[in-house]
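Structure below; questions to follow.
The values are calculated or read from the model by the stated rules, or taken from the named source; none is laboratory data. Because the structure is a prediction, the values reported are computed rather than measured. Positions of Cβ are generated from backbone atoms using ideal geometry, with glycine treated the same way; all protein chains shown enter the neighbour counts.
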Amino acid sequence: MSTWTAEDERAILASIETWVDKEVRPIARKFDQADEYPHALVEQMKELGLFGATISPEYGGLGLSADTYAKIVIEVASAWMAPSGIFNSHLIMASAVERFGTEAQKREWLPKMASGEFRGGIGLTEPNAGSDLQAIRTVARREGDHYVINGAKTWITNSGNGHGILLLAKTDPESQPRHKGMSLFIAEKGPGFQVSKKMKKLGYRAIDSCELSFDNFRIPTSRLVGGVEGKGFAQIAGGLELGRINVAARGCGIALGALRLALRYAQERSAFGKPISEHQAIQLKLAEMVTKVEASKLLIEQAARKYDAGERCDMEAAMAKFHGSEAGVFCASEAMRIFGGYSYSTEYEIERYYRDAMLMCIGEGTNEILQTIIAKQLVQRGGV
Ligand SMILES: Cc1cc2nc3c(=O)[nH]c(=O)nc-3n(C[C@H](O)[C@H](O)[C@H](O)COP(=O)(O)OP(=O)(O)OC[C@H]3O[C@@H](n4cnc5c(N)ncnc54)[C@H](O)[C@@H]3O)c2cc1C
């Protein structure tokens with residue numbers, strides 16, 4: 001439960017807006033085009049407390065509500081989506097440790113995660129398994145007071161520049177049902193934990209998403225989240241609710257940023273003797289864009305408030321993520337049309353929004369999978 005007052009949260013948001021304007025927006029194009037990790041920005045994020053945004057104050061974090069956190073993410077992503085990924089998967093890892101870890105694990109890991117001294121990510125996806133996570137092949141075999149891990153992961157964000165990941169592995173590969181044989185580990189980099197390749201990406205550049213391999217990677221049993229095998233699948237599902245609210249906010253931020261750029265351009269650019277914002281075809285686009293942005297904000301707020309109240313919010317987080325990410329794709333694409341030929345120039349910002357937007361429909365559960373979650377919940381809850 002957040003202890004911040006509404007006034008405090010407004011002040012925090014105002015300071016984030018100032019930081020985004022001064023430090024994030026001006027460097028976005030250069031770092032995106034060079035696909036260069038923004039080390040200086042990461043240092044500033046540490047000072048702002050972003051790596052501990054949702055971690056409880058008792059473990060050194062800011063203890064912000066998911067609602068305020070989502071608003072921060074919208075603001076950052078409205079200027080440049082990629083940096084919000086540096087603290088998102090880190091905070092999913094932290095959330096899983098805080099919700100499901102033992103007290104000793106929380107005391108050991110959360111303070112250094114909150115300060116940014118240890119920056120993490122989540123290691124779920126494998127070359128053969130993304131949506132169907134129960135098909136993963138990475139195995140953790142117990143040997144005395146250690147586990148020995150062998151396998152491979154792919155697309156793991158923050159794993160190149162970060163210090164470790166929350167690793168999903170099978171502790172009982174023969175288990176039926178399959179999810180009962182899965183466990184989560186706090187995996188700090190060390191011998192046997194290899195970053196094999198940095199992926200080249202369409203968008204979401206400057207942030208590292210890598211292939212990893214584990215070759216007899218030894219990890220103490222004290223790093224098994226919660227200390228009990230077989231709980232990993234349920235634990236990661238719990239952590240992903242916050243992750244989906246974050247991705248919803250990132251999609252919404254892309255939509256908002258694209259709208260802001262398009263609105264300004266539509267008033268500056270003239271065709272047939274008047275600003276293009278006065279042509280009805282452009283007005284229809286702007287109207288649909290702003291409506292999608294505002295609807296996304298409301299869905300995000302609904303999901304975040306349920307999450308903050310400790311209520312079940314898988315359906316709400318899925319709806320927010322589905323709508324927010326599709327709004328990002330829609331608004332970036334409509335903004336491209338409003339910019340006309342200039343949209344295609346890398347000297348303008350809008351093409352980056354277009355390249356970044358699609359990932360939001362894929363990461364943290366594809367929108368197809370999320371729609372199945374929404375529909376199943378709709379039926380289970382007996383309608384609306
Ligand atoms: C830039 C980037 C960063 C990423 N970062 C991370 C990270 O930090 N950590 C991590 O673990 N993963 C990460 N991922 C991986 C991402 O989570 C997966 O790509 C995503 O979950 C989809 O899995 P997949 O690619 O294996 O697709 P698949 O699961 O093979 O899906 C392919 C298609 O089939 C559809 N599909 C599959 N099953 C069903 C079904 N039952 N019903 C309907 N449709 C279905 C999917 O919706 C999709 O359209 C990242 C990916 C990218 C591109």
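Can you tell me how many residues in the stretch 46-67 are part of a helix (DSSP H, G or I) and surrounded by fewer than 24 Cβ atoms within 10 Å (Cβ to Cβ)?
Here the count works out to 7.
Can you go through Ala82, Ala96 and tell me which one is buried (at least 24 other Cβ atoms within 10 Å of the Cβ), closer than 22 Å to Leu166 by Cα, in contact with a Phe, Trp or Tyr (Cβ under 7 Å, 6 or more places away or on another chain) and hydrophobic (A, V, I, L, M, F, W, C)?
Just one listed residue meets the conditions, Ala82.
Counting only residues that are within 13 Å of the ligand (Cβ to nearest atom) and part of a loop (DSSP other than H, G, I, E, B), how many does the stretch 188-209 have?
10
Related question: Could you name every one of the helices (runs of 4 or more DSSP H) located completely within the stretch 302-384 that has at least 3 residues being more than 19 Å from Ala79 (Cβ to Cβ) and not assigned by TED's automatic domain parsing to the domain that holds Tyr69?
Filter on the stretch 302-384 gives 314-339, 367-380.
While we're here: Which ones in the stretch 165-187 are among the polar types (S, T, N, Q) and either within 13 Å of the ligand (Cβ to nearest atom) or touching a helix residue (DSSP H, G or I) at 6+ places or on another chain (Cβ under 7 Å) (or both)?
Thr171, Ser175, Ser183
Can you pull out every residue in the stretch 185-199 that is out of contact with any Asp or Glu (no Cβ under 8 Å at 6 or more places or on another chain) and not aliphatic (A, V, I, L, M)?
The answer is Phe185, Glu188, Lys189, Gly190, Pro191, Phe193.
What number of residues in the stretch 1-40 are farther than 23 Å from Ser95 by Cα and either of a type outside the set (Gly, Ala, Ser) or touching a Cys at 6+ places or on another chain (Cβ under 8 Å) (or both)?
Qualifying residue count for the region: 23.
Name the residues in the stretch 77-127 that are within 14 Å of the ligand (Cβ to nearest atom) and assigned to a loop (DSSP other than H, G, I, E, B), would you?
Met81, Arg119, Leu124, Thr125, Pro127
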